[in-house]
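Have a look at the structure below before the remarks.
Any read-out appearing in this document is the output of simple, stated calculations on the displayed coordinates, not a laboratory observation. Given the structure is predicted, the values throughout are model-derived calculations rather than measurements. Here the Cβ positions follow ideal geometry from the backbone for every residue, glycine too, while neighbour counts run over all protein chains shown.
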Amino acid sequence: MNKFLCRPWGLALSVLALTGLDQWTKALAVGFLKGGDPFVIWDGVFELRYLENRGAAFGMLQGQQLYFVLVGVLVFAGCLYLFSHMSREARYWPIRLIAVCILAGAWGNMIDRLRLGYVVDFFYFKLIDFPIFNVADIYVSVGTAVLAVLVIFYYKEEDLDRMLKKKQKTVEGK
């Protein structure tokens, strides 16, 4: 997995595959849920319910499309910087995978915003009345949570320093 994610084409294919999965699930939601009743998976707990979200997570910042596009571009630039400067050691493949997920999530929702003017959401945990979300949101949320756990409990400060400085040392040594 690490060798695949260390190659530019591997990263690109991973982001494209995850973004494609997100877009496919949203197309299914539009085709089967839009204009209809929610599809109940577990009565009173979980259902599929169509929603056109013109804001951010949990419906915040409604109608701020330019802001979301700028954030998406910054996420893309940050991930490219990370990929190009990150050590290729196997120890860091989880961070590469997390960055792929976050990038795919950002792109999946940005595609909707640019193409439709809103994001298609459809997963709904009725039991806790959790805001309706989509696959791209899962990528970003889970990726961010796992990154936080790794930074707090797995990687030490020197690991994180070495992760980005290793390539700088090889460039300086040439």
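Quick rundown of the values:
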read-out	value
For the chain: relative contact order, % (alpha-carbon pairs under 8 angstrom, 6 or more apart)	30 percent
Helix 135-149 vs. the chain, principal-axis angle (Cα, 0 to 90°, nearest 10)	40 degrees
Angle in degrees between helix 65-85 and the longest Cα principal axis of the chain, rounded to the nearest 10	30 degrees
About the Cα centre, charge dipole magnitude for the stretch 74-167 (Lys/Arg +1, Asp/Glu -1 at Cβ), debye	400 debye
Contact order relative to length of the stretch 67-159, as percent, for alpha carbon pairs under 8 angstrom and 6 or more apart	28 percent
Most mobile listed residue (Phe32, Phe68, Phe76) in the chain, GNM with C-alpha springs under 10 Å	Phe32
Alpha-carbon spread of the chain, three principal axes, descending order, Å	62, 32, 28
The stretch 55-145: translational diffusion in µm²/s, Stokes-Einstein, Kirkwood Rh over Cα pairs, 4 °C, 1.567 mPa s	92 µm²/s
3J(HN,Hα) from dihedral phi, the stretch 18-35, Karplus parametrisation 6.51/-1.76/1.60, rounded to Hz, x for glycine, proline	5, 5, x, 4, 4, 5, 5, 5, 5, 5, 4, 4, 5, x, 10, 10, 4, x
The chain - mean residue ellipticity at 222 nm from DSSP helices (-39,500 (n - 2.57) per run, n ≥ 4, rounded to 500)	-21000 deg cm²/dmol
Label point 7 Å beyond Cα of Phe46 along Cβ direction - residues of the stretch 115-146 with amide nitrogen under 16 Å	122-139, 142
Angle in degrees between helix 157-173 and the longest Cα principal axis of the chain, rounded to the nearest 10	60 degrees
Dipole of the stretch 8-173, positive end: most advanced residue of Pro38, Tyr118, Leu164 [Cβ charges, Cα centre]	Leu164
